[in-house]
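Below: one structure, written as structure tokens.
Just so it is clear, none of the values below were taken in a lab; they were calculated from the coordinates. These figures come from a predicted structure and were not determined experimentally. Virtual Cβ from ideal backbone geometry, glycine too; neighbours counted across all protein chains shown.
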Amino acid sequence: MKPSSVDALLPSSNKYPFWFGGSASAMATLLTHPLDLVKVRLQSTITPARLSMAGMASRVIATEGYAGLYAGLSAAILRQFTYSTIRFGVYEDLKSRLSHDTGTSHSPMVLICLSALSGFIGGVAGNPADIVNVRMQSDMTRPLAQQRNYKHVFDGIIHITRNEGLSSLYRGVGANALRASLMNSSQLASYDMAKASCIRTFGMNDDTITHLVASSLAGIVATTVCSPVDVVKTRIMGSTNGEHVWQIIKRSTLSESPLWVFKGWVPSFLRLGPQTVLTLLILEQHKKLYAKMGV
């Protein structure tokens, strides 16, 4: 029977481990990390000439080798196990609890609010690893004498704590949490709504094709909504001169074109799109395997 009558906005009654979202996101990151690195390099590099995604990737390979595309991977993995575990876990738990209490499906506004809240919490939790991730990815864009050369994520956390203080691990946490809130609400809520539309309006099955279409649309929405905050966040986290958010916005606006807030949009989408699709597909496989195990 085609699940056209299924209420796609109503969460499943099945309960899955809280960490599934983090695990799925970490696995997806193994494949998409090079795109994330290129995005960060484009966002953190201030040059008059416009450099394309392919151009930046070629520059990284030429100067650092192919391994350079995976700079900061350990920090990216830790970030997913903190940030994504919480954003997925809290979102699904809140949906389940609210559905159980009301016995009804969730409106789009409810989904947006729940996903925004869970994203905000996840953004705060993942900030330390995100700081190290951005610094490791953008390290080679700095003058040789100013490069940090962190060996791995824990080495970065130790160095930052010793040299800049524990509070530096939460540099830019406001922008990061806001970005996480925007990203989660635009990604997860739009995915749920797009999936529901595919099933209800277009009569599609609840299968891989539907997931691909819905997650691709969610990736476009999330990338566009988050781009301005993402660029500012990257520049704050890569800075060590104590600039505040408004100082960075003012300086960037005066020295670059007004479209600087969308700098790196294409690599952002090319990373977030595959990341979204892979994460959700892997998450579904997690759930299927868990169901087969009968745990």
Residue-averaged 222 nm ellipticity for the chain, from DSSP H runs of 4+ at -39500 (n - 2.57), nearest 500:
-22500 deg cm²/dmol
If contacts are Cα pairs under 8 angstrom and at least 6 residues apart, what is the relative contact order of the chain in percent?
27
For the residue pair E164 and V245, what label-to-label distance in nm results when each label sits 7 Å from Cα along the Cα-to-beta-carbon direction?
1.8
How many angstrom lie between the Cα centre of the stretch 108-161 and the Cα centre of the stretch 203-228?
25
Binned at 10 Å from 0, what are the whole-percent values of the Cα-Cα distance distribution for the chain, short to long?
6, 27, 34, 20, 9, 2, 0
Convex hull (Cα only) mean projected area of the stretch 138-295, reported in nm² to one decimal:
13.0
Cα-Cα pairs in the stretch 213-279 separated by more than 14 Å, as a whole percent of all pairs, come to 60
Shape verdict for the stretch 32-181, please, from the Cα gyration tensor: rounded (a/c under 1.5), prolate (a/b greater than b/c) or oblate.
prolate
Ranking P258, V277, C198 by how far each Cα lies towards the positive end of the charge dipole of the chain (+1 on Lys and Arg Cβ, -1 on Asp and Glu Cβ), the top one is P258
Can you work out ³J(HN,Hα) from phi for every residue in the stretch 106-117, in order, using Karplus 6.51 cos²θ - 1.76 cosθ + 1.60 and θ = phi - 60°, giving whole Hz and x for Gly and Pro?
9, 6, x, 5, 5, 4, 4, 5, 5, 6, 5, 5
Protection proxy ranking of 73-82, 207-216 - average other beta-carbon atoms within 10 Å, highest first
73-82, 207-216
Given backbone amide H placed at 1.01 Å from N, residues whose amide H is under 5 Å from that of M204, ignoring those fewer than 5 places away on the same chain, are I199
What does the charge dipole of the stretch 129-249 about its Cα centre add up to, to the nearest 20 debye, if the Cβ of each Lys and Arg holds +1 and the Cβ of each Asp and Glu holds -1?
300
Sorted by chain and number, the residues with a modelled amide H under 5 Å from that of G126, at a separation of 5 or more or across chains, are Y83
In what order do M136, M109, M193, M204 fall by count of nearby beta-carbon atoms within 10 Å, going from fewest to most?
M109, M204, M193, M136
May I ask for the net charge around T279, where only other residues with Cβ less than 12 Å from the Cβ of T279 are counted and Lys, Arg are +1 while Asp, Glu are -1?
+1
Please get the size of the charge dipole for the stretch 16-293, origin at its Cα centre, with Cβ charges of +1 on Lys and Arg and -1 on Asp and Glu, quoted in debye to the nearest 20.
460
Tell me, what is the FRET efficiency for M293 and A62 to the nearest 0.05, using R0 = 51 angstrom and their Cβ-Cβ distance as r?
0.60
If R0 is 45 Å, what FRET efficiency do you get for K15 and L254 from their C-beta distance, rounded to 0.05?
0.30
Sorting K15, K263, K287 on the 10 Å Cβ count, fewest up front, what's the list?
K15, K287, K263
How do C113, C226 line up, fewest other C-beta atoms within 10 Å first?
C113, C226
